[in-house]
């Protein structure tokens, strides 16, 4: 990790969790409090139905919340969607945009992801912008060029005064238990850092770049020791207090 950047560990619950899952949040809050609080920024992105109740349990332990997606519009005839303003109103501080499952299942383009990031900023939220390659793209030797292209088109040109977080998620490693080699992660995170610095200068140097792809207690320490890895976007392991706490403690 980069020493001068405060690490961020974000849990993406995806379409998992009802009221019963809040017991895990309460347990996690207890574990963190017993250890003197987290040494990093901890974010949980639950289903929107749980946001307000999660905040009540999580805030005293220094945990903040985020949404899993947002619409580009503030309001309107968009049945089933949720705006960034609604997430902020429910207490969220972050929002994931451009997750590979949104890109694949809902056909989201880089241009749409950028519009969602702009909407997040307008609502006072920090967008966690996801980029990543498929297995076929990696096997073809195009992983870096694919990810850098997504980055160029997904990150807004003007984000002065705002914060952006980038999450690199190799699509083929999500939920599969597979992870890239350390060398693969180094190559990709260094390329992302280089693109951000070349485009945004000092802002690019201080932007947090998360690794997201089957991060779990058994590999978190190794991954988080890699340069330009400033935290993680965690899937399944964030649903269980003990597992998520182990990853947070690896910082």
Pop the C-beta distance of residue 33 and residue 78 into the FRET formula with R0 = 45 Å and round what comes out to the nearest 0.05. 0.70
Within a Gaussian network of the chain (alpha carbon springs, distance under 10 Å), most fluctuating of 31, 87, 239: 31
At 0.36 nm per residue, and after removing the present C-alpha to C-alpha distance, how many nm does the segment from residue 106 to residue 182 gain when stretched out fully? 24.3 nm
Could you calculate the contour length gain from residue 53 to residue 222, that is, 0.36 nm times the residue separation minus the distance between their Cα atoms, to one decimal place in nm? 57.5 nm
Per-pair calculated FRET efficiency, R0 = 41 Å: residue 159 and residue 20 via Cβ, rounded to 0.05: 0.60
Tell me the label-point distance for the pair residue 140, residue 122, using the 7 Å Cα-to-Cβ offset, in nm and rounded to one decimal. 3.5
Going highest first, how would you order 47-59, 221-233 by mean Cβ packing within 10 Å? 221-233, 47-59
What do you get for Rg/Rh of segment 1-149 when both radii come from the Cα atoms and Rh is the Kirkwood radius? 1.00
For an R0 of 30 angstrom, estimate the FRET efficiency from the Cβ-Cβ distance between residue 240 and residue 93 and round to the nearest 0.05. 0.85
On each of the three principal axes of the Cα atoms of the chain, give max minus min coordinate, whole Å, ordered largest first. 45, 44, 34
Sort 86, 215 by Cβ crowding within 10 Å, fewest neighbours at the top. 86, 215
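All of the numbers you see were taken from the coordinates with simple rules; none came from a lab. What you see is a predicted model, and the numbers here were worked out from it, not measured in a lab. Don't worry about glycine lacking a Cβ; one is built from the backbone with ideal geometry, like all the others, and counts go over all protein chains shown.
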